[in-house]
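What follows is a short report on a single structure.
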Amino acid sequence: MKTINTNSSEDKSVIKATPTKELFISMLVRDVTLRDAIGDLLDNCIDGALRLRPGGNYHGLKVEIELNTAKDYFKIHDNCGGMSVDLARRHAFRFGRSDFEAQHTERSVGVFGIGMKRALFKLGKSFEVKSKEKNSWFDMTVDVNKWQDSKDDDLNAWQFVFTKYEEGLKKVFPETERGTQITVSQLNKDVVESFKTEQDMDELIKELQREHLHSISNGMKIVINKKELKASELALLAHGQIKPAVWEHTSGKVKVKIVAGISEQEKYGPNGGWYVFGNNRLILGPDHTEKTGWGVKTPIRIPEYHPQYYRFRGYVFLEAKDPRDLPWNTSKTNMDLDSPVYRAVLQQMTVMMRTVIDFLNGLHDEKSDFDKGRIKTTPLQASIESSKACKVDVLLSTNKLTSPEKFSHPEPAKPIAPNKPKPIWVKFEISPKEHAAIKEYFGKENISAIGREIFDYFVSREILK
């Protein structure tokens, strides 16, 4: 048996398990799309805005993204407060999440501490990061190939180094000067292939526009290749007898707010359905699948999504101080359907959705009944026409509904009863022989039908002749 020589500079009893950088990078970027990678960088900007403006008013803040495959560069620049040297040193460039960040940015969307690094490795072979915060600034340039080729078993080789930096300055940079700029060059081949057409860029714009519609509606300006992202206002019809269903609850460390109702948009099917946000970042939606309750049969039966429900809008806001407590996946593109938190939320969503669907079914029946003359008034349609769009934030802040979990609306019109006299039954008895003969004459088996034929025969010949 060999004893361990503790005096040796190299302990031969130790098996080194340090990963190679090549393996580490390939595993890090393998399961993330380029759109998700760019989305992670934009998420960092939003987190910076949250640090700068905890109240969520982002007017005056801006993120500009340039992706130029012809000139071989990607750039993202914001005025969202920047990151301090200390934040960069202790968290931003670490591979994994540190407790440091959790203590400083509540309700952020950065979860596992891999987003920015993963995005930079996914995009290209060289990147430069410049940032200016309240009283510090730094500049850092990384050649990915050189960093990857350095010795993997040297712990220092896993570090990044500031090119220039200053911290603890007595001077305070004004808010207008604070921000971060990231430039990636030597773009990877799949980046060039994925964004070489205008259609590819349009798809990127649509995706980021959808994911950050809440931040955009709160004043954040996002521009991609000189195209400003727009977001439809989060609003529901709410006036008079129409009142959206509203529910607020705290599940463990997650605060939940749900609003369900109808939109003033009637014909735009793709926009209908549920929208699920995690710390104000859209995770799912507009969704029309079983993930949000459509087509489920238990515990409440919900129909499949179709044109009759184009007006439906449901908004779910999940909020947690620590984003790791939210029921989402690491790329923030889907919900964790096995999460007890989300299962409980989904059950409440179906309860509230059912009340809106009942109204939309009634609206459909009302139109049919009116067209056929069965009713003379259309109170459901009238309630829609007299309603006004109200912002979801306002609905949540002024939630004083009598029955908030139920979508409120007027009673439908009752169909007009037809003015028909009560029928009179005419009965008489015949023998089996007579029945056989008359059945053969009329060619019918049903006794009631035969009786009607006999009666009509008599009336046509003796009364109406």
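The values are calculated or read from the model by the stated rules, or taken from the named source; none is laboratory data. Remember, it's a predicted structure, so these values are computed and weren't measured experimentally. No Cβ is skipped: glycine too gets one built from the backbone with ideal geometry, and neighbour counts run over all protein chains shown.
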Original post:
Which ones in segment 209-228 are surrounded by 22 or more Cβ atoms within 10 Å (Cβ to Cβ) and within 26 Å of Tyr73 (Cα to Cα)?
Top reply: Glu211, His212, Met220, Ile222
Original post:
Since Ala102 meets every condition but one in (1) modelled with pLDDT of 80 or more; (2) assigned to a helix (DSSP H, G or I); (3) buried (at least 17 other Cβ atoms within 10 Å of the Cβ), which condition does it not meet?
Top reply: (1)
Original post:
How about segment 54-69: which of its residues are of a type outside the set (Ser, Thr, Tyr) and modelled with pLDDT of 90 or more?
Top reply: His59, Gly60, Leu61, Lys62, Val63, Glu64, Ile65, Glu66, Leu67, Asn68
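Okay, residues lined up against (1) of a type in the set (Phe, Trp, Tyr); (2) surrounded by 15 or more Cβ atoms within 10 Å (Cβ to Cβ); (3) touching a residue at least 60 places away in the same chain (Cβ under 8 Å):
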position: Leu23; (1), (2), (3): no, no, no
position: Asp31; (1), (2), (3): no, no, yes
position: Gly39; (1), (2), (3): no, yes, yes
position: Gly48; (1), (2), (3): no, yes, yes
position: Pro54; (1), (2), (3): no, no, no
position: Asn57; (1), (2), (3): no, no, yes
position: Asp72; (1), (2), (3): no, no, yes
Original post:
From the residues in segment 373-389 that are surrounded by fewer than 18 Cβ atoms within 10 Å (Cβ to Cβ) and either small (Gly, Ala, Ser) or farther than 14 Å from Gln241 by Cβ (or both), which one is nearest to the chain's Cα centre (by Cα)?
Top reply: Ala389
**OP:** Filter segment 351-363 down to residues that are touching a helix residue (DSSP H, G or I) at 6+ places or on another chain (Cβ under 8 Å) and more than 11 Å from Pro412 (Cβ to Cβ), then give me how many there are.
**Re:** 2
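A quick yes/no check of all residues on (1) over 20 Å from Ala238 (Cα atoms); (2) outside the structural domain of Pro307 (by TED's automatic domain parsing); (3) of a type outside the set (A, V, I, L, M, F, W, C):
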| residue | (1), (2), (3) |
| --- | --- |
| Leu346 | yes, no, no |
| Thr355 | no, no, yes |
| Leu363 | no, no, no |
| Val392 | no, no, no |
| Ala436 | yes, yes, no |
| Ile447 | yes, yes, no |
**OP:** Mind counting the residues in segment 28-86 that are assigned to a loop (DSSP other than H, G, I, E, B), in contact with a Cys (Cβ under 8 Å, 6 or more places away or on another chain) and closer than 14 Å to Ile182 by Cα?
**Re:** 1
Original post:
Conditions: (1) within 16 Å of Met116 (Cα to Cα); (2) part of a loop (DSSP other than H, G, I, E, B); (3) touching a Ser or Thr at 6+ places or on another chain (Cβ under 8 Å). Lys134 meets all but one. Number of the miss?
Top reply: (1)
Original post:
Given the structure, is Thr355 of a type in the set (Ser, Thr, Tyr) and either within 13 Å of the chain's Cα centre (by Cα) or surrounded by fewer than 14 Cβ atoms within 10 Å (Cβ to Cβ) (or both)?
Top reply: no
Original post:
Under the condition of being surrounded by fewer than 16 Cβ atoms within 10 Å (Cβ to Cβ) and under 30 Å from His239 (Cβ atoms), which residue from segment 402-434 is modelled with the lowest pLDDT?
Top reply: Thr402
Subject >> Every residue from segment 186-199 that is in contact with a Ser or Thr (Cβ under 6 Å, 6 or more places away or on another chain) and either aliphatic (A, V, I, L, M) or under 21 Å from Asp43 (Cα atoms) (or both) >> reply: Val192, Phe195
Original post:
How many residues, within segment 1-25, are hydroxyl-bearing (Ser, Thr, Tyr) and at pLDDT 75 or above?
Top reply: 1
**OP:** Give the number of residues within segment 365-390 that are outside any helix (DSSP H, G or I) and under 16 Å from Ala238 (Cβ atoms).
**Re:** 5
**OP:** Considering only segment 417-456, state which residues are among the hydrophobic types (A, V, I, L, M, F, W, C) and touching a residue at least 24 places away in the same chain (Cβ under 8 Å).
**Re:** Val426, Phe455
